[in-house]
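The values are calculated or read from the model by the stated rules, or taken from the named source; none is laboratory data. Since the structure is predicted, the reported quantities are computational estimates derived from the model, not experimental observations. Here the Cβ positions follow ideal geometry from the backbone for every residue, glycine too, while neighbour counts run over all protein chains shown. All accessible areas refer to the heavy atoms of the entire protein, side chains included, with ligands and DNA or RNA removed. Shrake-Rupley method; radii C 1.70, N 1.55, O 1.52, S 1.80 Å.
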Amino acid sequence: MSRRVHLLGTGGTIAGAQPDPRHAGYSAGVFPIERLLSAVPGLAELARLSWEQIVNIGSQDMDDSIWLALATRVNEHADGAAIDALLITHGTDTLEETAYFLSLVTANATPVVIVGAMRPATAISADGPGNLYNGVAVAADPRAPGRGTLLCMDGEIHRPRYAVKTSTMGANAFSSLLGGLVGVVQTGRVAWFEPAPAIRAATFSVAGLDRLPRVDVLIAHAGMNADLIDAAVAAGARGLVIAGVGSGNMSARAIARLADAAASGVAVVRSSRVPRSMVLRNGEVDDDRYGFVAARDLNPGKSRVLLQLALTTTNDTQLIQEVFERC
Ligand code: GLU
């Protein structure tokens, strides 16, 4: 009996439409999930499908409330007995953030595969149908349980922790920079590179939450001033992630102002704007002295996700640092 895969549509280029396929202009999040499925031959032979539309938006508009609604829906389906796996269609711009968020707030027993596309559904050589086909194959694979949330694009299966959008051109837009792929999939044939991990519970519970703590991301640059730090703190940020230069560094005046913010209870995380980076504690910046947290290899967008979740459990920077070592 084939496995039951439930699809959750959220929009993105995979659901996008162009007024004219010969021109670049298009709108993301136009077609409903059932229209996307109807464009893919042979899906019903891979799995028994059901679906629902959560939202239909460009993923730049994903926010905490949609993430929490999505997590609630994923957990309801995973806790029930009606389905074996989930597949989410999503815009690629924030795909890695949503995937990482879900990987932290759901158990890993039920596979949750997230797919997108770089070319709209109406494009000449649209990549969405192939990604959907492969995504359903990955979700339905009997060796998928235990792998939790996976990001599947252009035949590559990524862990959300390591997947990064590294290109705005072409279908091969994602790379697993420091972590490596979990597997590959070619026209529905899945090859895993490692056995599935043991079953584990969600790292964070978001049950009952209707918002997450505000965390802002600021990009460092040569001669960074402190004005935007002040603005973020004044706007009520409980955490700040700095996309630092090099190994999470920033100007002396930015460090001084962030140290003040940390002393007043704002969690400050040093990440890096460099794609392949490792921000270690007490490197060029003395985290112990300033009360900062080092993000290690987690990029700024995902550091924001992790800090938001960590702040639902603690304000203690030492404990938050431990979260960044563990997740
Ligand atoms: N900005 C849109 C989004 O992330 C379109 C980009 C895409 O899906 O590739 O949903």
Worksheet, complete the sentence: In region 70-94, residues that are over 15 Å from G116 (Cβ atoms) and either within 16 Å of the ligand (Cβ to nearest atom) or open to solvent by 50 Å² or more (accessible area, probe 1.4 Å) (or both) total 6
Response to the item:
Of the residues in region 193-229, those that are assigned to a loop (DSSP other than H, G, I, E, B), open to solvent by less than 60 Å² (accessible area, probe 1.4 Å) and within 21 Å of A256 (Cβ to Cβ) come to A220, G223, M224, A226
Worksheet item: Is there a residue in region 290-311 that is surrounded by fewer than 18 Cβ atoms within 10 Å (Cβ to Cβ), out of contact with any Ser or Thr (no Cβ under 9 Å at 6 or more places or on another chain), part of a helix (DSSP H, G or I) and not hydroxyl-bearing (S, T, Y)?
Response: no
Worksheet entry | Residues of region 14-29 that turn out to be within 15 Å of the ligand (Cβ to nearest atom), farther than 12 Å from Q53 by Cα and either part of a loop (DSSP other than H, G, I, E, B) or open to solvent by 60 Å² or more (accessible area, probe 1.4 Å) (or both), as a count | 7
Discussion item. Residues that are over 22 Å from K302 (Cα atoms), charged (D, E, K, R), surrounded by fewer than 18 Cβ atoms within 10 Å (Cβ to Cβ) and in contact (Cβ under 8 Å) with a residue 40 or more places away in the chain: does region 33-42 have at least one?
Written reply: yes
Worksheet, complete the sentence: Those residues of region 168-180 that are assigned to a loop (DSSP other than H, G, I, E, B) and either surrounded by fewer than 18 Cβ atoms within 10 Å (Cβ to Cβ) or touching a residue at least 60 places away in the same chain (Cβ under 8 Å) (or both) come to a total of 9
Item to complete: Scan region 1-13 for residues that are within 26 Å of the chain's Cα centre (by Cα) and more than 16 Å from the ligand (Cβ to nearest atom) and jot them down.
Response: R3, R4, V5, H6, L7
